[in-house]
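Take a look at the structure set out below.
The values are calculated or read from the model by the stated rules, or taken from the named source; none is laboratory data. Predicted model only: the values in this text are computed from it and were never measured. In this analysis, Cβ positions are derived from the backbone assuming ideal geometry, glycine residues included, and neighbour counts consider all displayed protein chains.
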């Protein structure tokens with residue numbers, strides 16, 4: 001029931017129409033859909049004007065014109081766990097493609113003003129959990145969210161970004177390229193109009209999608225008053241698992257995650273801490289999924305790969321002299337490779353002429 005022809009499927013059109021109505025209350029409309037098994041059946045029982053259906057048809061045409069897909073709650077590709085949540089969106093627009101296996105998903109969220117430690121943990125855990133077969137879901141925000149998406153992409157795993165804006169108004173703007181990368185190995189989704197601005201009130205609504213479509217939520221760095229803690233609370237209300245990565249005791253970004261751990265969230269320092277908390281049947285399903293694996297990065301030349309391997313295997317940051325001592329690479333080539341790796345976002349250039357591989 002996705003938008004794939006000149007005319008929307010009747011069920012999708014009915015869903016978009018129901019989403020535009022203001023009466024009866026939204027929860028009652030969703031109950032009607034669940035009771036009668038379809039939006040078409042529910043809509044036949046709701047008084048509405050022809051203008052609502054006309055507007056819905058225009059909205060779906062705009063999605064189609066933009067080259068995007070629209071899925072309604074009764075579509076087989078609509079996230080299964082989200083469909084069962086208390087407040088799922090009637091229709092979502094999709095850049096990329098959702099797959100049935102995305103039901104085995106974990107949310108990773110956290111601070112936008114993340115520390116290097118937080119970014120490393122988010123990216124590393126996302127990569128390891130993706131390798132284990134989980135789809136990584138986050139909100140495309142700066143900091144922890146972006147690191148989680150990149151961790152999944154590092155190992156060619158699936159990842160889904162849920163926006164608090166429209167799909168034609170990617171936010172933050174500097175993550176446009178990241179959104180395109182995600183769409184090639186997962187999906188970017190939104191319940192908002194295509195050009196919707198990233199308004200403050202949109203993000204709590206986005207968060208209930210992130211937690212609603214996942215088996216659990218892993219929080220990496222969060223202050224005591226943060227949207228990530230709201231997400232954790234939503235996950236608890238939806239009877240989903242909540243996980244937290246501990247941080248430095250004196251860091252304000254640790255206060256929120258430490259509070260979650262005190263309240264019973266599972267402490268996580270490695271991927272196995274998450275996997276062992278999943279139900280046995282879910283772990284069995286993950287074991288049947290094809291393992292994703294890293295492949296040689298075609299963007300890197302031979303010298304860049306060699307230097308990146310040395311930095312990755314190092315236990316700490318390395319200066320240029322030490323790096324040259326460990327390789328036979330001429331100085332000009334090594335310096336050019338370090339600059340290239342930094343521009344490609346694969347390493348950090350630190351104070352004192354030190355370099356460190358990103359996780």
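Assess whether residue 52 counts as being closer than 27 Å to residue 168 by Cβ, touching a helix residue (DSSP H, G or I) at 6+ places or on another chain (Cβ under 6 Å) and surrounded by fewer than 21 Cβ atoms within 10 Å (Cβ to Cβ). So residue 52 passes the test.
Kindly indicate whether any position in segment 7-15 is in a loop (DSSP other than H, G, I, E, B), in contact with a helix residue (DSSP H, G or I) (Cβ under 8 Å, 6 or more places away or on another chain) and crowded, with 16+ Cβ neighbours inside 10 Å.
yes
Within the span defined as segment 283-306, every residue fails to be modelled with pLDDT of 80 or more and in contact with a strand residue (DSSP E or B) (Cβ under 7 Å, 6 or more places away or on another chain).
Is it fair to say residue 61 is modelled with pLDDT of 95 or more, outside the structural domain of residue 283 (by TED's automatic domain parsing), in a helix (DSSP H, G or I) and out of contact with any helix residue (DSSP H, G or I) (no Cβ under 8 Å at 6 or more places or on another chain)? Quick ask: steps written out before the conclusion?
Values: modelled with pLDDT of 95 or more: yes; outside the structural domain of residue 283 (by TED's automatic domain parsing): yes; in a helix (DSSP H, G or I): yes; out of contact with any helix residue (DSSP H, G or I) (no Cβ under 8 Å at 6 or more places or on another chain): yes.
So residue 61 fits the description; yes.
The one condition from (1) in contact (Cβ under 8 Å) with a residue 24 or more places away in the chain; (2) assigned to a helix (DSSP H, G or I) that residue 283 does not meet is (1). Please go through (1) surrounded by fewer than 21 Cβ atoms within 10 Å (Cβ to Cβ); (2) touching a helix residue (DSSP H, G or I) at 6+ places or on another chain (Cβ under 9 Å) for residue 109 and return the number of the only condition it doesn't satisfy. Every condition holds for residue 109 apart from (1).
Going by the structure shown, is residue 152 surrounded by 18 or more Cβ atoms within 10 Å (Cβ to Cβ) and either farther than 20 Å from residue 70 by Cβ or modelled with pLDDT under 95 (or both)?
Answer is yes for this residue.
Residues in segment 236-261 that are surrounded by 23 or more Cβ atoms within 10 Å (Cβ to Cβ) and free of Cβ contacts under 8 Å to residues at least 24 places away in the same chain: 0 in all. Restricting attention to segment 307-325, which residues are modelled with pLDDT under 80 and touching a helix residue (DSSP H, G or I) at 6+ places or on another chain (Cβ under 9 Å)? Within segment 307-325, just 314 meets the criteria. Just wondering, is there one or more residues in segment 60-79 that are free of Cβ contacts under 8 Å to residues at least 24 places away in the same chain, within 25 Å of the chain's Cα centre (by Cα) and under 30 Å from residue 234 (Cα atoms)? Checked segment 60-79: at least one residue is free of Cβ contacts under 8 Å to residues at least 24 places away in the same chain, within 25 Å of the chain's Cα centre (by Cα) and under 30 Å from residue 234 (Cα atoms).
Restricting 314, 336 to residues that are under 30 Å from the mean Cα position of the chain (by Cα), over 22 Å from residue 153 (Cβ atoms) and surrounded by 13 or more Cβ atoms within 10 Å (Cβ to Cβ) narrows the list to 314. Taking the criterion of being assigned to a helix (DSSP H, G or I) and in contact with a strand residue (DSSP E or B) (Cβ under 8 Å, 6 or more places away or on another chain), the residues of segment 327-359 that qualify are 338, 341, 342. Does residue 113 satisfy the condition of being more than 29 Å from residue 251 (Cα to Cα) and over 13 Å from the mean Cα position of the chain (by Cα)? No: the conditions fail for residue 113.
Each row is one residue, and each column tells you yes or no for (1) modelled with pLDDT of 95 or more; (2) touching a strand residue (DSSP E or B) at 6+ places or on another chain (Cβ under 9 Å); (3) surrounded by fewer than 23 Cβ atoms within 10 Å (Cβ to Cβ).
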| position | (1), (2), (3) |
| --- | --- |
| 213 | yes, yes, no |
| 217 | yes, yes, no |
| 225 | no, no, yes |
| 231 | no, yes, no |
